[in-house]
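Derivation of every value follows stated rules applied to the coordinates shown; laboratory data play no part. Since the model is a prediction, treat every value here as computed from it, not as a measurement. We place every Cβ from the backbone using ideal geometry, glycine too, and count neighbours over all the protein chains shown.
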Amino acid sequence: MTLSWTGIANSPHVYNLALTSDHKVPNVQSFDAADSDVAAVDEQWYAQRTGGTFGDLTSAVRPYGTRVFLGNRQAVESPQRRTAYFSPGVAWQPMAMSGPIFTEVLASVPTTYQAGERASTSWYKQPVPTGIAIGADFRPAHMGGRQANLMGAAFPYYRDAGGYYTFSSDFGDFGLATLFENGTSLGQSPFAAEQWVVSTGPADYRLNVMTNKGTAGGVQAPNWRMSTRTLTDFEFRSQRPADDDTVAVLPLVIPTYDLPLDEYNLTPAAPGFEIAVSGAGQADYDAGRIVSAKVWTSLDDGTTWVEVPVTSRGAGYVATVDNSSAAGRNVTLRVQLTDEHGVKVTQDVIRAYGVR
């Protein structure tokens, strides 16, 4: 027997089709899927300074909770623009990874499309700071809370600019969490999660969280060269809830970023580079308006800092950076935000973006 076939390496199109039958599986199955019968999502896959082989894996999440994977991990040569097609009426959960095996997995929440729908998204656009929690119901979950005199926090490692969350981490990902009460440390955890016993009365707290990509540039994550570490300080006041059965959400503000980067997550070595920053409360905490924003940059991974001008624009702020002296280097960002309740967050993203 002789087999032959033709194909396109690194095709700019990928089809995710769920061909279903009602009530029973017919003896003869024949399905047609025209472009008008599916949804199309334009994807931009970002690399980090140089190209590399990333990966994707897509699953269909059934109404009863079962996840059906469509084959194995598929290589995606990045940077790349491609169109992904999806059958309508099915909850799809695309996933992505930056390395060949045992690396982190980023995922979307399951999304159901309509026939003929058109959307766009991106994967691995920088920066990729500490993540946001997604619950078993695929809704944003709490990352910090308090019940009586117990205060706890747990942070996923990553989220990219497309909003994708950490589905799983790799063996080299690690973190730390330390809680300070009125300036005194209550202990450090060797993970980005911990529970502490705190005082009953009102007190000032500082929650320091570090997440680190320990395998960045290595065998497990050869294409991960930016956002190698994130350090976040959350500053807030808290006291024991009146009801001991109540789990009160901590007032944590999460920074957000929007950077005009090319497909390699780079920008020219020139002045006038605008970085949009803002913030929002974690699930069930209404931060209201962000009333203050400060931004610093560093070219030595955070050893020294230069404050840059920030102006208010719309609902957020814009920092203007002069990258003229940063050719061929990576820029580290520090952002400090204060909400209308006086809650503050300071976040350092090491190697947040690159300069050509």
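Some points to look at:
- Placing pseudo-labels 7 Å out from each Cα toward the beta carbon at V197 and V249 gives an inter-label distance of 2.9 nm.
- Highest-fluctuation residue, H341, H142, H23 considered, GNM on the chain with Cα pairs under 10 Å: H23
- log₁₀ of I(q)/I(0) at q = 0.13, 0.14 Å⁻¹ - the chain, Debye sum with one point per alpha carbon: -1.08, -1.21
- Cα-based shape type of segment 34-123, given that a ≥ b ≥ c are square roots of the gyration tensor eigenvalues and the cut on a/c is 1.5: oblate
- Local electrostatic count at A84 - Lys and Arg +1, Asp and Glu -1, tallied over other residues with Cβ under 10 Å: -2
- Based on alpha-carbon atoms, the Kirkwood radius and the radius of gyration of segment 99-208 give Rg/Rh equal to 1.08.
- A cut-off of 5 Å between modelled amide H atoms, ignoring neighbours fewer than 5 places along the same chain, links G52 with S78.
- F69 versus T184: modelled label distance in nm, points set 7 Å from Cα along the beta carbon direction: 4.9 nm
- Cut-off 14 Å between beta-carbons: net charge of the residues surrounding T304, Lys and Arg +1, Asp and Glu -1: -2
- Electrostatic dipole magnitude of segment 34-123 [Cβ: Lys, Arg +1; Asp, Glu -1; Cα centre; debye, to 20]: 200 debye
- Assigned charges on the beta-carbon of Lys, Arg, Asp, Glu; the chain dipole about Cα centre (debye): 480 debye
- If you take the alpha carbon atoms of segment 222-356 and fit the smallest convex hull around them, that volume is 133 Å³ per residue.
- In this rough spin-label picture, where each label sits 7 Å from Cα along the Cβ direction, the Q239-S312 distance is 3.1 nm.
- Spherically averaged projected area in nm², based on the convex hull that wraps the Cα atoms of segment 6-82: 7.6 nm²
- Residues of segment 22-54 with an amide N closer than 19 Å to a point placed 7 Å from the Cα of V219 along the Cα-to-Cβ direction: 53-54.
- Set of segment 29-62 residues, backbone N closer than 13 Å to the point 7 Å along the Cα-Cβ line of V109: none
- Of all DSSP beta bridges in the chain, antiparallel share, percent nearest 5: 90 percent
- Lysine pairs meeting the criterion (Cα under 26 Å, 8 or more apart or interchain), as found in the chain: 6
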